[in-house]
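What follows is a short report on a single structure.
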Amino acid sequence: MRNKKLVKIDIDLLTQCLIRTKDNKTVKTEVKEINTQYYNFKDWEFNWIEESKKGNKILGLFAENDKRLQGIVEYYENKERQLLEVLLVEIAPFNNRHNPKNILKSKEYLGVGGHLFAEIARISFEKGYDGYVSFLAKTNLIEHYKKTLGAKQLSYIEMYIDDEAAMKLVKKYYSEN
């Protein structure tokens, strides 16, 4: 394992795009590899500038007509285990009611966490790993990830998304219908 941290994000909604909470409008998204040097992580919980120095892939999720990062995920391609390992994932402070800096305890967009996992599952299929993704879960969120992502428990805190659960995520976020 390559410095995995505990995943502790709330998967609030699985939706085809993101839902803007102020008007309940569906908003198109874009996921792309980012250079963390160009973003402000002042109120984020993790030091993404330091994470980027580890040499793993880092993807950012963006909402249409909003230049801010909505969420970010760091992953590693584990060729030996034939899967992608989510090392760290975080939702932007304004989308994360558990972030201490989010004073209003509200979310601007719903669906960020699910979208990040769907993107990793999609890449896993693309790389020939049948959608398999692993991550370490905070113990009080294990049941939540089983229910929302279809993840399964591999060991005490290691979880994985198998081909069937990955396909459901990918279809949810990337199908045309």
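The set of residues in the range 157-177 that are open to solvent by 70 Å² or more (accessible area, probe 1.4 Å) and among the aliphatic types (A, V, I, L, M) contains only Met167. Only residues that are at negative phi and open to solvent by 80 Å² or more (accessible area, probe 1.4 Å) were counted in the range 52-68, giving 5. Being surrounded by 15 or more Cβ atoms within 10 Å (Cβ to Cβ), of a type in the set (Gly, Ala, Ser) and in contact with a strand residue (DSSP E or B) (Cβ under 7 Å, 6 or more places away or on another chain) is a property that does not hold for Gly114.
Of the residues making up the range 129-156, those that are under 14 Å from Gln82 (Cα atoms) and open to solvent by 50 Å² or more (accessible area, probe 1.4 Å) are Asp130, Tyr132.
Here Leu83 fulfils each of the conditions (1) over 16 Å from Gly114 (Cα atoms); (2) free of Cβ contacts under 8 Å to residues at least 60 places away in the same chain apart from (2).
Considering the conditions (1) exposed (fewer than 15 other Cβ atoms within 10 Å of the Cβ); (2) in contact (Cβ under 8 Å) with a residue 12 or more places away in the chain; (3) not acidic (Asp, Glu), Ala92 is excluded by exactly one of them, (1). With respect to Glu126, is the statement that it is farther than 20 Å from Thr15 by Cβ and among the charged types (D, E, K, R) true? When the stated conditions are applied, Glu126 passes them. Quick check: is even one residue across the range 31-51 closer than 25 Å to Lys147 by Cα, at pLDDT 95 or above and surrounded by fewer than 19 Cβ atoms within 10 Å (Cβ to Cβ)? No: zero hits. When the range 84-112 is filtered for residues that are among the small types (Gly, Ala, Ser) and touching a Leu at 6+ places or on another chain (Cβ under 9 Å), the ones remaining, listed by number, are Ala92, Gly111. In the range 95-105, which residues are open to solvent by less than 50 Å² (accessible area, probe 1.4 Å) and touching a residue at least 60 places away in the same chain (Cβ under 8 Å)? Matches in the range 95-105: Asn96 only.
The values are calculated or read from the model by the stated rules, or taken from the named source; none is laboratory data. Note that this is a predicted model, so its numbers are computed, not measured. Positions of Cβ are generated from backbone atoms using ideal geometry, with glycine treated the same way; all protein chains shown enter the neighbour counts. Please note that ligands, DNA and RNA were not included when accessible areas were found on the heavy atoms of the full protein model with its side chains. Shrake-Rupley method; radii C 1.70, N 1.55, O 1.52, S 1.80 Å.
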